[in-house]
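The values are calculated or read from the model by the stated rules, or taken from the named source; none is laboratory data. A quick note: this is a predicted structure, and the numbers were derived from the prediction, not measured. Glycine gets a Cβ as well: all are built from the backbone with ideal geometry, and neighbour counts include every protein chain shown. We work out accessible area using only protein heavy atoms, side chains counted, and drop any ligands, DNA or RNA first. Shrake-Rupley method; radii C 1.70, N 1.55, O 1.52, S 1.80 Å.
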Amino acid sequence: MINYTKTKALELIKNRYDQFSELNFNLTNISEKQYNFEIEISDYASKLKLLVYFGKKGVREVIQGNAQTELYSRVNSLITGETTTTKIESLEEPGSYIGCDETGKGDYFGPLIICAVYLDDYLKAKLDLKLIRDSKELSEFAIMATAGHILDRIGNNYEIKIVEPEEYNSIYEEERNLNKLLDKLHSEALFHLLKRVNPELVIVDRFSKTRTENINKVCNGKTKVRFVEKAEKYPAVAAASIIARYHLNLWFNDKLNAGLELPKGAGANVEKVAREVYNTFGKNEFVKLTKQHFKTTTKLGLL
């Protein structure tokens, strides 16, 4: 039964692939997982995944992504024949505030990047807020384009901190805790931005359930701090996530232009490339490219 449903699932996702190709969607190749086949679908603004599961209960399709995007609505309509309508949560947004986010903490290769963005009513009026959402929901093309849109309009009302792997490894040796490291680096970005702006509030995408000493110290009781899960619903935090991801993409593109193709994440492909990079360039260069406290290091015996 499982072999039969797997065959049917593969046939279905191949048909979907052909269907979306004819409509000029951007598609990745079909990949096989333990319980499903999947493809990534993207347009100029966003991306999602179509997963086709197989098993004893038969074959089923699942769309994974932001249901509020036009892309989701189009794909859902093509699959189900129904138009998606989603109630958008109302958001009480401060008049002036800083949003903080980071990227790169899940990538074995590359820097950790922290960004803090200040927005007030004047700056928000200059932005197309429909474009600004969590960078994880955007295609790489949309990240580059949207980051340009934001940076062109907000001037110096942001602070970016790019922590190269070698510096990251040194700081981690001191802190021995990722949340403490993030607290330290977020507070440094905030410290510099707070010299230029006077917000009502600081909103940080929550990275820890424990007390964050440095961030609270930098704000010094004068500016309220709020730690929010999935804080990218706030435009300033979403803008910070996009700018941070933009700079991370630039780092990987620079390495690619230098002839070094490095994968993001920390999976099996990353382990394969890590071994190749270590054998080719040696330990000294290797530590300049990787976050050494990851399990990948000990798993491959690269300490």
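Quick one: in segment 237-266, which of the residues that are among the small types (Gly, Ala, Ser) and buried (at least 17 other Cβ atoms within 10 Å of the Cβ) is nearest to GLY106 (Cα to Cα)? Per the criteria, the residue is ALA266. Considering segment 275-291, the residues that are within 24 Å of LEU181 (Cα to Cα) and out of contact with any Pro (no Cβ under 8 Å at 6 or more places or on another chain) include one that is most open to solvent (accessible area, probe 1.4 Å), namely ASN284. Of the helices (runs of 4 or more DSSP H) entirely within segment 197-299, those holding at least 3 residues that are over 22 Å from LYS136 (Cβ atoms) occupy 213-219, 268-286, 295-299. Within segment 133-158, the set of residues being touching a residue at least 12 places away in the same chain (Cβ under 8 Å) and outside any helix (DSSP H, G or I) comprises ARG133, ASP134, LEU138, SER139, ASN156, ASN157, TYR158.
Scanning segment 165-210 for residues being open to solvent by 30 Å² or more (accessible area, probe 1.4 Å) and either in contact (Cβ under 8 Å) with a residue 40 or more places away in the chain or not basic (Lys, Arg) (or both) gives a total of 18. Hey, does segment 180-188 have a residue that's at pLDDT below 90, under 29 Å from LEU262 (Cβ atoms), of a type in the set (Lys, Arg) and assigned to a helix (DSSP H, G or I)? Within segment 180-188, one or more residues are at pLDDT below 90, under 29 Å from LEU262 (Cβ atoms), of a type in the set (Lys, Arg) and assigned to a helix (DSSP H, G or I). Give me the residue from segment 95-123 that is under 13 Å from the mean Cα position of the chain (by Cα) and of a type outside the set (A, V, I, L, M, F, W, C) and, out of that set, most open to solvent (accessible area, probe 1.4 Å). Once the filter is applied, the top-ranked residue is LYS105.
Under the condition of being open to solvent by 90 Å² or more (accessible area, probe 1.4 Å), part of a helix (DSSP H, G or I) and at pLDDT 85 or above, the residues counted in segment 4-36 number 2. Taken as a whole, segment 117-132 holds at least one residue that is under 18 Å from GLU93 (Cα atoms), in contact (Cβ under 8 Å) with a residue 24 or more places away in the chain, hydrophobic (A, V, I, L, M, F, W, C) and assigned to a strand (DSSP E or B).
Here is a yes/no grid of residues against (1) of a type in the set (Asp, Glu); (2) open to solvent by less than 20 Å² (accessible area, probe 1.4 Å); (3) in contact with a Pro (Cβ under 7 Å, 6 or more places away or on another chain); (4) over 16 Å from TYR97 (Cβ atoms):
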{"position": "THR212", "(1), (2), (3), (4)": "no, yes, no, yes"}
{"position": "THR223", "(1), (2), (3), (4)": "no, yes, yes, no"}
{"position": "PHE227", "(1), (2), (3), (4)": "no, no, no, no"}
{"position": "LYS230", "(1), (2), (3), (4)": "no, no, no, yes"}
{"position": "PRO235", "(1), (2), (3), (4)": "no, yes, no, no"}
{"position": "ALA268", "(1), (2), (3), (4)": "no, no, no, yes"}
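Exactly one residue out of ILE150, ILE143, ILE162 is touching a His at 6+ places or on another chain (Cβ under 8 Å) and buried (at least 16 other Cβ atoms within 10 Å of the Cβ): that is ILE162. Applying the condition of being outside any strand (DSSP E or B), of a type in the set (A, V, I, L, M) and closer than 30 Å to ASP205 by Cα to segment 59-98 and asking which residue is modelled with the highest pLDDT yields VAL75.
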